[in-house]
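Reviewing the structure listed below.
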Amino acid sequence: MRSLRPGFLWAAPATLFFVAFGILPIAIVAYLSMTRWNGLGSPEWAGLENWRALPDDPDALHGIKVTFQLTLLCWLIQTPLSLLLGVWSAGTQRGRAILSTVFFLPLLLSTTAIALIWLSLLDPNFGLAVDLGGLAGILGSPDRALYAVAFVIAWQFVPFHTLLYQAATRQIPTSMYEDAELAGAGTTRQFFAITLPQLRNTIVASSVLIIVSSLTYFESILLLTGGGPGTATRVLPLHMYIKGFVGFDMG
């Protein structure tokens, strides 16, 4: 037991931090979900009343659907782009360093700044949307707004996942490519036979990060569309915000 004590002491700060900012907020939210509370007075115990009413809330069910649609879109867009850019940026092509720097610029910007930039660019009255007629009113289209949101999110986070693939690609032994060249394998064959299998763990890790992040997107959608038009982009986190802080129904 004495030998284990130093380990507990080293783990104590991280454990306390996780309990304070991970477990405790979840417990508080679970408690509030069983109350009637407008955010101002004292919460009143309601038991499972809110949970029983959840299936009858069409906006909540729609929010779950839109959230999963956005998650799928983000994965389908970000994964192949990040993979290809990461493999390319790990090479020794001429001008690679300069172009890689340009690709990684979105990492320096905040989510709010990126959303406001693209909101201006996609404004139907000026900016990029005017020059490219196909983009005019895209944020106001129920059928295309979610795709626009997924594109903006991808523009922000593809550089991060590109860094993951770049680092993983550089860890692949060069001898594997040298042997493949001696065997007559071309660049495409080497990519599918060597690079892609060697990156399988990175693909899994990147996919998990994309999926988890997609379930919590809020600021970008709030600033770009506000959940509209109608409820076309009203994901579950935004629905929770509207119900709690706009509708004063914290429970």
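The values are calculated or read from the model by the stated rules, or taken from the named source; none is laboratory data. Just so it is clear, the structure is predicted and the values come from calculations on it, not from any experiment. Using ideal geometry, Cβ is built from the backbone for each residue, glycine included, and neighbour counts are taken over all protein chains shown. Ligands, DNA and RNA are excluded from the accessible area calculation, which covers all protein heavy atoms including side chains. Shrake-Rupley method; radii C 1.70, N 1.55, O 1.52, S 1.80 Å.
Anything in segment 231-241 that is in a loop (DSSP other than H, G, I, E, B) and open to solvent by 40 Å² or more (accessible area, probe 1.4 Å)? List them, or say none. THR231, the sole residue that qualifies. Consider GLY228 against the criteria (1) modelled with pLDDT of 90 or more; (2) open to solvent by less than 50 Å² (accessible area, probe 1.4 Å): it satisfies all of them except one. Which criterion is unmet? Checking GLY228 against (1) modelled with pLDDT of 90 or more; (2) open to solvent by less than 50 Å² (accessible area, probe 1.4 Å), the one that fails is (1).
When you check THR216 against the structure, is it without any contact (Cβ under 8 Å) to a residue 12 or more places away in the chain and open to solvent by 30 Å² or more (accessible area, probe 1.4 Å), yes or no? Criteria not met by THR216. The test for being assigned to a helix (DSSP H, G or I), farther than 30 Å from PRO142 by Cβ and open to solvent by less than 50 Å² (accessible area, probe 1.4 Å) holds for THR195.
Could you tell me whether segment 136-147 includes any residue that is within 25 Å of ILE172 (Cβ to Cβ) and modelled with pLDDT of 90 or more? Checking segment 136-147: not a single residue is within 25 Å of ILE172 (Cβ to Cβ) and modelled with pLDDT of 90 or more. Listed here are the helices (runs of 4 or more DSSP H) enclosed by segment 5-122 that have at least 2 residues being open to solvent by 80 Å² or more (accessible area, probe 1.4 Å), in contact (Cβ under 8 Å) with a residue 12 or more places away in the chain and within 27 Å of ILE210 (Cβ to Cβ): 58-89. Taken over segment 242-251, residues that are in contact with a Leu (Cβ under 9 Å, 6 or more places away or on another chain) and surrounded by 17 or more Cβ atoms within 10 Å (Cβ to Cβ) amount to 2. Can you tell me which residue is nearest to LEU107 (Cα to Cα) among those in segment 130-169 that are among the charged types (D, E, K, R) and surrounded by fewer than 13 Cβ atoms within 10 Å (Cβ to Cβ)? Across segment 130-169, the extreme among qualifying residues is ASP131.
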